[in-house]
1. Hey, can you grab everything whose amide H is under 5 Å from the amide H of G146? Only 5+ residues off in sequence or another chain; H modelled, so Pro and N-termini drop out.
2. Only helical DSSP H runs with n ≥ 4 go in: add -39500 (n - 2.57) per run for the chain, normalise by residue count and round the 222 nm mean residue ellipticity to 500 deg cm²/dmol.
3. Could you check what % of the DSSP bridge pairs in the chain are antiparallel, to the nearest 5?
4. How high is the relative contact order of the stretch 48-132, given as a whole-number percent (alpha carbon pairs under 8 Å, six or more residues apart)?
5. Between the stretch 20-61 and the stretch 123-144, what is the C-alpha centre distance in whole Å?
Amino acid sequence: MSDAFTKATGRGLEDDAGTSQRRYKAFQLELVRPYVGESLLEVGAGLGEFAAQVTGLERHVVTDVDAGAVAAMATRFADRPTVEARVLDLAGDLEEQVGEPVATVLAINVLEHIEDDAEALRRMAALTRPGGRVVIWVPGYPQLYGEFDRAVGHVRRYTPATLRDAFERAGLRPLEVKPVNLLGGVAWWLTVRRGGVGKQKPGLVRIYDRFVVPTTRFVERRVTPPFGQSVLGVASVPD
């Protein structure tokens, strides 16, 4: 799919908006890294902005259904021999597309685009070694669903309960499912849900990244919020 990245994010392949979210990407890594094994496959890695932070792996497979995004990642990581950039369609032949299973499969802001989320999780589990982990980061809470969600094709937003249910329907064992980014959820409500913003505004993104994210990281290192912009879920693949 040559335009899948743009449809899913509202950004073009040359759009550098992701570079203005350095602190937010670091916040995501801080929460996700403890669950990542020695090999990692990212589903829907986009332009590799999250992957660029990840080091110390034996094998790191970055994938996307958009061939243009994969080509951009291949160029971006050309000097990192442990990183492979591959086109991945979860509906296709998984072994042919990515080879050997990995210790961890990660999907950030992917599952909400897929109608049959349990089947997608089963396919992700098939990419993971028995006993490995599937790590999911998704937009949180139906109350925050707004024009931006519709514009980029979000089928749903999750709560911890609905993400846990999806894991269980896929035959996975939930290890941790929790809301994250409380202040981001409040900001999203004000600007997107109530404000009617239908696309990312670079100026707002930079302000959020500079001022809101550091406070969020400080607070959520100490307490788990009752609500958030996103939901983080970790599940194990049965032996």
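1. Here the answer is none, since no amide H 5 or more places off falls under 5 Å of that of G146.
2. Values: 10 runs with 78 residues, N = 239.
The helix-only estimate for the chain comes to -8500 deg cm²/dmol at 222 nm.
3. Working: 14 of 34 bridges.
Given both bridge residues lie in the chain, the antiparallel proportion sits at roughly 40 percent.
4. Values: 81 pairs, mean separation 21.1, N = 85.
Relative contact order comes out at 25 percent.
5. Their Cα centres are 14 Å away from one another.
Read-outs: derived from the displayed coordinates by stated rules, not from any lab. Just so you know, these numbers come straight off a predicted model, no measurement behind them.
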